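Read the structure below first, then the notes.
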Amino acid sequence: MGLEEKLPAGIALTTLENVAGYMRKASIWPATFGLACCAIEMMAVGTPHYDLARFGMERFAATPRQADLMIVAGRVSQKMAPVVRQVYDQMANPKWVISMGVCASSGGMFNNYAIVQGVDHIIPVDIYLPGCPPRPEMLLNAIIELHGQIQGSKLGVNRVAAARAAEQAALGATPTELLAPAHDHEGLVGRNLLA
């Protein structure tokens, strides 16, 4: 004999966190934020072939104050990094971030001083989406994964504490200029690379 048998028909048992999670995941508005070639794949998700509207996300907000999801699509230059942070700070709470493509996630093939070696050095990231560029189906899968995270997320101070901890970890990461080189330039000195 459980509680379900004692209640009249038509009464649903759930928690406030489950209801809030369901409402949040069903009402995400992404910010218009394409930085490079991955933005073309992000735009393709909004077309009728992939139909992002079935998730209630067809409205890409042109202002960060009306958005709660940032899809960082493409490489982030050092010059663009403060703008990315400013847009993130202006977004409505709670907010989420998808790092789309290998360049946004880790700098990709651009292992140099001009490109941020992972957007998580400036903002906390919820979902990392690999690929160069990732297909629209992969972005849809990342959105579905994010919906799962949102559905199970806690309310109030727990979410704020988690976001602050993720941000502190990102800000405490090793700066790009202090990372070890990915390849040996000394071994190439004096060699004819065209032969």
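Using C-alpha pairs under 8 Å with a sequence gap of at least 6, the mean separation divided by the residue count of segment 64-106 gives a relative contact order of 61 percent. The label-point distance for Tyr113 and Ser77, in a model that sets each label 7 Å from Cα toward Cβ, rounds to 1.5 nm.
About its Cα centre, segment 21-137 has a charge dipole of approximately 180 debye under the convention of +1 per Lys or Arg Cβ and -1 per Asp or Glu Cβ, with nothing else charged. Going by accessible surface with a 1.4 Å probe and the largest first, Arg75, Arg24, Arg164 read Arg164, Arg75, Arg24. Applying 0.36 nm per residue to the separation of Thr15 and Ala161 and subtracting their alpha-carbon distance, the gain on full extension is 50.5 nm.
When all alpha carbon pairs of segment 49-158 are counted in 5 Å bins from zero, the resulting P(r) reads 2, 12, 21, 23, 22, 13, 6, 1, 0 %. When only alpha carbons of segment 35-111 are considered, Rg and Dmax amount to 13.1, 38 Å.
The values are calculated or read from the model by the stated rules, or taken from the named source; none is laboratory data. No experiment lies behind these values; they were computed from the predicted model shown. Cβ: placed from backbone, ideal geometry, glycine included. Neighbour counts: every protein chain shown. Side chains included, ligands, DNA and RNA excluded: accessible areas come from the protein's heavy atoms. Shrake-Rupley method; radii C 1.70, N 1.55, O 1.52, S 1.80 Å.
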